[in-house]
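Here the structure is laid out as structure tokens; the discussion comes afterwards.
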Amino acid sequence: MSCTWPGTDIQYVAYHDTEWGVPETDSRALFEKLILDGFQAGLSWITILRKRDNFRAAFEGFEPEILARYTEKDIKRCLRDAGIIRHRGKIEATIGNAQALLRLKDAGQEFNDFCWQFVDGQPIVNHFKNTKDIPAQTEISEKMSKALKQAGFKFCGPVIVYAFMQAVGMVNDHLINCPQHENCKNLSQKL
């Protein structure tokens, strides 16, 4: 039996089976996922997943160098875009987060290294049998959240960060009876 949270929605099941929990080490892809997890706050992930391509278009592929230069004109354009979540605070946070990422890079730290340092470069493989056993946050997500905030990131509380860690494979929270648990575990051994 697989994880039950994707239900039967084809897009959600495909996301579960091909993306969620797969170790991601590309800095731009990690940045995109952190931003999307921030937009998810107060919403369901399927809502964001269905709008992901619109977000990619609105935020020009989540390229930090482009986003960091967004102006009020760009914010207003995004606020008119019905294809994304039109929340000024989250849009402004996206711009600020791109600027924070570039400051890290200017200081000599790639975003992927920044993120993966919290798990010593290797995914944490959990062995949960039931969805109810999976925590909403952990001590590690609290530490990462604090470090992100200190670096200038917003919309990155410990619950958002834990969801991010799960999604990008820093944590393997597929249920042990889910075929993807073993698949992600095997992928993590290749890091």
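Worth pointing out:
- Over the range 1-128, the pair-distance histogram of Cα-Cα distances with 5 Å bins from zero comes to 2, 10, 18, 20, 18, 16, 10, 4, 1, 0 percent, rounded to whole numbers.
- Using a simple spin-label model with pseudo-atoms 7 Å out from Cα toward Cβ, Glu182 and Lys149 lie 4.1 nm apart.
- Fraction of accessible area attributable to carbon and sulfur, the chain (%, probe 1.4 Å): 51
- Counting every C-alpha pair in the range 65-112, the share spaced more than 17 angstrom apart comes to 38%.
- Relative intensity, log₁₀ I(q)/I(0), of the range 39-191 from a Debye sum that treats every alpha carbon as a point, q = 0.14, 0.17 Å⁻¹: -0.79, -1.11
- Fluctuation leader among Ala163, Ala14, Ala100 - the chain, Gaussian network, Cα springs under 10 angstrom: Ala14
- Quotient of the Cα radius of gyration of the range 140-183 and 2.2 N^0.38 Å, N being its number of residues: 1.35.
- Helical contribution to [θ] at 222 nm, DSSP H n ≥ 4, -39,500 (n - 2.57), averaged over the chain, rounded to 500: -17000 deg cm²/dmol
- Solvent-accessible area per residue, Å², over the range 10-189 with all protein chains present [probe radius 1.4 Å]: 47
The values are calculated or read from the model by the stated rules, or taken from the named source; none is laboratory data. Because the structure is predicted, anything quoted here is derived from the model rather than measured. A quick note on method: Cβ atoms are made from the backbone with ideal geometry, for glycine too, and the neighbour counts reach across all protein chains shown. With ligands, DNA and RNA removed, areas are computed over all heavy atoms of the protein, side chains included. Shrake-Rupley method; radii C 1.70, N 1.55, O 1.52, S 1.80 Å.
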